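Taking it in order: structure first as structure tokens, then the write-up.
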Protein chains: 2
Amino acid sequence: MKIIIAQQNYHIGNFESNTRKIIDAIHSAKSKNADLIVFSEMCICGYPARDFLDFNDFINKCYESINTIKEYADGIAIIVGAPDRNPAKEGKDLFNAAFFLDEKEIKHIAHKTCLPNYDVFDEYRYFEPAYNWNVVEFKGSKIALTVCEDIWNLGDNPLYRICPMDILMQQHPDLMINISASPFDYTHIEDRKSIIKANVLKYKLPLIYCNAVGSQTEIVFDGASLVFDKDANLCCQLSQFKEETKEINIDTNGGIDENIIEPAISLPDQQLVPLHFVADLNISQVYEAIILGIKDYFSKMKFSKAIIGSSGGIDSAVTLVLACEALGAENVRAILMPSEFSTSHSINDAERLSKKLNNPYDIISIKNIYNQFIKELEPIFENRPFSLAEENLQSRTRGNLLMAIANKFGYILLNTSNKSELSTGYGTLYGDMAGGLGVIGDCYKTQVYELAKFINSAKEIIPENIISKAPSAELRPEQKDSDSLPEYDILDRILYQYIERVKGPNEIKQQGFDASLVDKVLRLVNINEYKRNQFCPIIRVSPKAFGVGRRVPIVGSYLE
Amino acid sequence: MKIIIAQQNYHIGNFESNTRKIIDAIHSAKSKNADLIVFSEMCICGYPARDFLDFNDFINKCYESINTIKEYADGIAIIVGAPDRNPAKEGKDLFNAAFFLDEKEIKHIAHKTCLPNYDVFDEYRYFEPAYNWNVVEFKGSKIALTVCEDIWNLGDNPLYRICPMDILMQQHPDLMINISASPFDYTHIEDRKSIIKANVLKYKLPLIYCNAVGSQTEIVFDGASLVFDKDANLCCQLSQFKEETKEINIDTNGGIDENIIEPAISLPDQQLVPLHFVADLNISQVYEAIILGIKDYFSKMKFSKAIIGSSGGIDSAVTLVLACEALGAENVRAILMPSEFSTSHSINDAERLSKKLNNPYDIISIKNIYNQFIKELEPIFENRPFSLAEENLQSRTRGNLLMAIANKFGYILLNTSNKSELSTGYGTLYGDMAGGLGVIGDCYKTQVYELAKFINSAKEIIPENIISKAPSAELRPEQKDSDSLPEYDILDRILYQYIERVKGPNEIKQQGFDASLVDKVLRLVNINEYKRNQFCPIIRVSPKAFGVGRRVPIVGSYLE
């Protein structure tokens, strides 16, 4: 059987574009005499469509697309993912479904059983879990067709009571096909490969795994679709972070006519990779994920040009490099906004960076505007000493200038805050926290340094001085980050335990960190939730990013 | 049996304060020789604790509180709500539970069966539904103890497969007790009363319903705890929006020694009240809900003073009145910030309002700061015509001034945006969209007028001119809202259908609205999701507020 895996990038709610893309791939598959073409989970409407799924009109549009596409199912069968209405009087209105189209008909619909409802996932908000299971018979083969998380339960996943593959095995399938929308994080690709392999080892069937690719605001789907033969040899892995179409042939014994990439023996069996900090970070994947995140945010929002406040510090430098790579240097305008507290090296470093990148830049001093603010505020401030108010005022004056230029010319402001700052509230709302997309907001400061080193690995792009100097917000004379925060290599390790590993204060202290430091750091994280709540979407690269995947009360005093 | 209903206001994660409050009520109940005291759902840790529930340390603290409280269960039984660990290997780690404490022991734990996972609720994210059900035997009575949503399924609610009361009835209970954390919206109190009464009519048992009170960031719990006798007469309704403790006596026949407030016959049976726009709006309840929302945000965040940009328009006028009522006029500072486009009546109206309210106010012109911005931007803007950039710059200059004064003196900026503006994106990010709490962000413009009329119903507080003049942002000469937006009475009706009623474009057009206007309005709502995503929490008074209860993609093109 000749099967095409279509790993594509969809636009949520853009039925016209998604349908056209799917049909184009079907045309191409037909020209190769393929028997079956497989698309990813929710390809019809894009994933996650969230509360758009609550609109009847939206679900109607999904069916209209399927009806359009099924007319092309002649001489080829097609698997697409879409919501399917639940005809029963009880339960949620929808299923998360895989539609099997053949002979211009919907021949089979497989509903998803294991519905993720953690981190960024809200599938119980919309979907009813499957309650019946059948293989699809096609050209003498029986296909066990499942959706994403369905194969993350091998009967031992505490999150789910039902193991759909165990049930489907009673009907003696010959082949497993899973359609997914499984997002990237720097731990997830190895976990994913292991769990898919574990299915093959358990059920002794070949498995075709078609994943979505593309970024949806904050969530990056990385593709990397996989094919295992029945002996659990990895035969095929599609590109990560790119669209790709791949043809494979499966023989009647479950063999696959591809060279084995990784023999069964070389992969750890059924064992999920533990998470570690930094050491396990595949920095080139993080880099690629962020590039895709920027690209797709702009293309799907129909934007093309970005603006960035360039301070001469490492965060804005890394953000600027990533933006230039994603959008083209000519489309990224840097604005250098020195104040009376800026050191001369900052402006020099920022200029040198933009000269290297060859992106347009301008210099606007904030001094006169800031002084005018202070003058108008004088009757109210009277003679109170310089404080956080004046520091924030500088930051917000910069935010104002950036937004004014953005509004005038149609730029999107990219935010340069890192995860260490966002965690501890070391940033100014409406100032350096302004922007439409958080580029490095899921990278701790130590990880931003890793990114900088990676960027400079072939040749120096970021001036060495930007990497080597001590971090400073430069909002008062001689200011250093370390005046307010612990050293980043300690801070980031505590934050990682609290945020990514969900360890509480007692558990973190037991790991040997200083107790009062742990209390201080965790308190900072908690009391600054109100700031993060107003922050823009962050490109997610870790297993726990701020934003939709982490939901904590603003008015809550735990750990304060 | 003498039962005390303790309708209290909890602080999420503040175990010390919650536990003390609970123990104080137990002491008082003992002095009245009560047999049983009933607290609301999740009283131990506050509701909704959200992802704090993922922390082992947090759950440990819950058990510590319960262990402390159970020592007081001598001579009195106590019902408290808290998370309970799931000992099973499968399913979520926790149950949402009611603990029955007696003789210094945990005598019984009832788990919640019907877990809401829509709008602001995420209970499937944390909790496993109950899988066994037993009545509590106490002093010769059998109590059917349930948690909140459990009594919202009478066997016919499509959201839930299991009706826990149907199962408990097999054990012949004498009394129903339900502990809740059921939030306010302007439709919900009637729905709630109807569904509780429907339980009494179906099961022919008296029902004690103890609801939480108090605001948790955006969600306002309104209390209004209820007692029905077995004949479905409403015998008791506790205050709305206030803490209250109420003693009731139930005799062995299910009779209750209270005067009947509403006899069974007067309430609609099992019929949920349909939602209508404005007509059904109980404006005094909305007013009270917002007051409580402001009060609790400040007290739980340990803030006391607010700052508001006062423009002379109706939105800031209503917000200012609400804030003065909630916090005391002396704690609310109004800042009037005229520009060259401000009309003289605006500043006069704003001054007159603050003189009536007797709250402190200051006037700062933004003209010089704005001109300085424009001067510095001149080399970049060159001679491009006045545009949205300059309008937004004025708004952001005001935001900057407000935040600077807030930072200097420790004020919290209250936001004055209404729901019509937030829906259509008719506001400036970091400008008039700045602030820590959205006071009237869940009220459409037409509802803001209703609030103004309500405020002025006894005597004129808001100057009549503020109510009668045409709305304007005053960011360019002669600007009117109606230049950019449809008239509010039409706009708000379309928005209500789309947002509260979740009707799609075709459905709304079928109601008779102009098709191109519907498309225009819905497109505005969708393309402005990126702005609302960065907006502060909004005090929720409607069945569908922007914020945690409405989750739509930013990068999504549906209905554009």
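Points to keep in mind about this one:
- Peptide B:150-160 shows a mean partner chain C-beta count of 2 within 10 Å per residue C-beta.
- Neighbouring partner chain Cβ atoms per residue of B:364-375, average, 10 Å criterion: 4
- Distance between the C-alpha centres of region A:299-373 and region A:146-160: 46 Å, rounded to the whole angstrom.
- Spin-label model, A:L388/A:K459: points 7 Å from Cα along the beta carbon direction are separated by 4.5 nm.
- Using the alpha-carbon positions of region A:426-494, Rg (one decimal) and Dmax (whole number) come out as 13.5, 36 Å.
- Debye intensity ratio in log₁₀ form over the Cα atoms of region B:203-354, taken at each q of 0.11, 0.12, 0.19 Å⁻¹: -0.64, -0.71, -1.16
- Tilt relative to chain B, helix B:488-499 - C-alpha long axis, 0 to 90 degrees, to 10: 40
- C-alpha long axis of helix B:515-527 to longest principal axis of chain B, angle in °: 80
- Between this copy and the others, label points of B:N60 are 5.6 nm apart in ascending order, each placed 7 angstrom from Cα in the Cβ direction.
- What chain A shows is 35 Å² of accessible area per residue, with the surface traced by a 1.4 Å probe over protein heavy atoms.
- DSSP beta bridge pairing in chain A, given as percent antiparallel to the nearest 5: 55
- Nearest-0.05 FRET efficiency for B:N358 and B:S239, computed from C-beta distance (R0 22 Å): 0.20
- For region A:215-367, DSSP calls about 55 percent of its internal beta bridges antiparallel.
- Dividing the Cα radius of gyration of region A:1-64 by 2.2 N^0.38 Å, with N the residue count, gives 1.22.
- Burial annotation for region A:44-82: residues with an accessible-area loss of at least 50 Å² between the isolated chain and the complete set of protein chains, computed on heavy atoms with a 1.4 Å probe, are A:D51, A:F52, A:F55, A:D57.
- Kirkwood analysis of the Cα pair distances in region B:354-405 returns a hydrodynamic radius of 12.8 Å.
- Protein-protein interface of region B:484-512, residues with accessible area decrease of at least 10 Å², isolated chain reference, 1.4 Å probe: B:Y498, B:V502, B:G504, B:N506, B:E507
- Label-point separation in nm, B:F409 to A:Y131, each point 7 Å along Cα→Cβ: 6.1
- Partner lysines for A:K112 [C-alpha distance under 19 Å; skip if fewer than 8 residues away on the same chain]: A:K89, A:K92, A:K142, B:K92
- Projecting 7 Å from Cα along the Cα-to-Cβ direction, the label point of B:K89 sits 3.9 nm from its equivalents in the other copies, listed shortest first.
- Sorted from shortest to longest, the distances between the B:I162 label points of this copy and the other copies are 1.6 nm, with each point 7 Å from Cα along the line through the beta carbon.
- Ratio Rg/Rh, restricted to region A:302-454 and using Cα atoms, in which Rh is the Kirkwood radius: 0.98
- Surface/4 estimate of mean projected area, convex hull on alpha-carbon atoms of chain A, nm²: 28.1
- Annotation: the antiparallel percentage among DSSP beta bridges lying fully within the protein assembly as shown is about 55.
- Ordered from highest to lowest accessible area with the whole protein assembly present and a 1.4 Å probe, A:K419, B:K544, B:K459 read as B:K459, B:K544, A:K419.
- Rg in Å to one decimal, and Dmax rounded to a whole Å, for the protein assembly as shown via C-alpha atoms: 30.0, 87
- Heavy-atom accessible surface that A and B bury in contact, both chains counted, 1.4 Å, Å² to 100: 8600
- Once the Cα gyration tensor of region A:20-132 is diagonalised, semi-axes √(5λ) in Å: 26, 14, 13
- Solvent-accessible area assigned to carbon and sulfur over the protein assembly as shown amounts to 47 percent, based on a 1.4 Å probe.
- The local environment of B:G254, defined by Cβ-Cβ distances under 14 Å, has a net charge of -3 under the rule Lys, Arg +1 and Asp, Glu -1.
- Between region A:100-119 and region B:479-502, the Cα center-to-center distance that results, in Å: 38
- Net charge over other residues, Cβ less than 15 angstrom from the Cβ of B:K356 (K, R count +1; D, E count -1): -3
- Other protein chain Cβ atoms within 10 Å, averaged over every residue that makes up B:86-94: 3
- Cα long-axis angle, helix B:344-357 against chain B (0 to 90 degrees, to the nearest 10): 30
- Average 1/r across all pairs of distinct alpha carbons in region B:282-367, invert it, and you get the Kirkwood radius: 13.4 Å.
The values are calculated or read from the model by the stated rules, or taken from the named source; none is laboratory data. Only a predicted model underlies this, so the values are computations on that prediction, with no experimental measurement involved. Note: ideal-geometry Cβ built from the backbone for every residue, glycine included; neighbour counts use all protein chains shown. Side chains are part of the model used for accessible areas, which takes the heavy atoms of the whole protein and leaves out ligands, DNA and RNA. Shrake-Rupley method; radii C 1.70, N 1.55, O 1.52, S 1.80 Å.
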